[in-house]
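Structure first, then comments.
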Amino acid sequence: MRSQTLVPDAGEVTLYEMKEGGSGLVMVLRPVSEESRCPACNQASGRVHSRYKRQIADLPWEGIPVRIELRVRRFFCATNDCAQRIFTERLPNTVERHGRRTCRLSRVLDRIASEMKLPSKPLFSTTGAMVSLKVTFIV
Ligand SMILES: [Zn+2]
């Protein structure tokens with residue numbers, strides 16, 4: 001059985017703050033790990049270059065839209081001759097590399113689109129809008 005948590009993946013991110021934002025809730029998340037691995041050479045690094053925020057749509061709570069403000073870091077690669085001198089940490093269980101919605105929201109939207117026989121990617125990714133769904137799962 002799959003465990004459900006407040007955050008998309010408790011092994012990758014932790015809840016820093018919860019606040020109201022616009023028409024819904026905002027969860028401010030931070031990565032759990034102190035370091036990240038370079039995607040080019042796989043060397044771990046804890047030397048932070050900079051930080052920035054990503055805005056990501058998440059599953060709604062009782063019909064209330066939820067947005068995640070993910071605080072992501074860029075690291076210096078620890079390998080001297082690596083071509084990737086600076087890299088952005090990846091949180092593959094939380095959000096895809098350039099994704100604008102959480103992996104769990106994508107799974108739900110894909111499942112709904114599949115059930116409705118709709119093409120999920122073009123319908124949901126080109127609008128750029130936050131998606132609010134009230135979904136009842138029958139177990
Ligand atoms: Zn590297």
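Can you find, within the stretch 64-104, the residue that is nearest to LEU29 (Cα to Cα) among those that are within 16 Å of the ligand (Cβ to nearest atom) and small (Gly, Ala, Ser)? I'd like the intermediate steps shown before the answer.
Step one: filter the stretch 64-104 for residues within 16 Å of the ligand (Cβ to nearest atom), giving 73-90.
Still in the running and small (Gly, Ala, Ser): 78, 83.
Details: ALA78: 25, ALA83: 30 Å.
Result: ALA78.
Can you tell me which residues in the stretch 19-52 are of a type in the set (Lys, Arg) and out of contact with any Lys or Arg (no Cβ under 6 Å at 6 or more places or on another chain)? Full working, then the answer.
Kept after step one, since they are of a type in the set (Lys, Arg), are these residues of the stretch 19-52: 19, 30, 37, 47, 51.
Matches in the stretch 19-52: LYS19, ARG37, ARG47.
Is there any pair with a first residue in the stretch 32-53 that is under 21 Å from ASN80 (Cβ atoms) and of a type in the set (A, V, I, L, M, F, W, C) and a second that is more than 8 Å from the ligand (Cβ to nearest atom) and assigned to a loop (DSSP other than H, G, I, E, B) whose Cβ atoms are under 7 Å apart and which are 6 or more apart or on different chains, and what are they?
ALA44/GLU35
If only one of LEU59, LEU15 is modelled with pLDDT of 95 or more, in contact with a strand residue (DSSP E or B) (Cβ under 7 Å, 6 or more places away or on another chain) and hydrophobic (A, V, I, L, M, F, W, C), which one is it?
Details: LEU59 fails: modelled with pLDDT of 95 or more.
None of the others qualify; the one that does is LEU15.
Can you name every residue in the stretch 47-63 that is farther than 20 Å from THR94 by Cα and either of a type in the set (A, V, I, L, M, F, W, C) or within 16 Å of the ligand (Cβ to nearest atom) (or both)?
Hits for the stretch 47-63 are ARG47, VAL48, HIS49.
Right, THR5: under 21 Å from ARG107 (Cβ atoms), surrounded by fewer than 16 Cβ atoms within 10 Å (Cβ to Cβ), free of Cβ contacts under 8 Å to residues at least 60 places away in the same chain and of a type in the set (S, T, N, Q) or not? Can you show your working first?
Working: under 21 Å from ARG107 (Cβ atoms): yes; surrounded by fewer than 16 Cβ atoms within 10 Å (Cβ to Cβ): yes; free of Cβ contacts under 8 Å to residues at least 60 places away in the same chain: yes; of a type in the set (S, T, N, Q): yes.
So THR5 fits the description; yes.
Those residues that are exposed (fewer than 13 other Cβ atoms within 10 Å of the Cβ) and charged (D, E, K, R), I need them from the stretch 14-67; list them, please.
Those that are exposed (fewer than 13 other Cβ atoms within 10 Å of the Cβ) and charged (D, E, K, R): GLU17, LYS19, GLU20, GLU34, ARG47, ARG51, LYS53, GLU62.
Inside the stretch 104-126, can you point out the residues that are outside any helix (DSSP H, G or I) and modelled with pLDDT of 75 or more? If you could, list the steps in order and put the result at the bottom.
Pass one, the stretch 104-126, residues outside any helix (DSSP H, G or I): 116-119, 126.
MET116, LYS117, listed by residue number.
The values are calculated or read from the model by the stated rules, or taken from the named source; none is laboratory data. All values derive from a computational prediction rather than experimental measurement. Neighbour counts run over all protein chains shown; Cβ positions are idealised from the backbone, glycine included.
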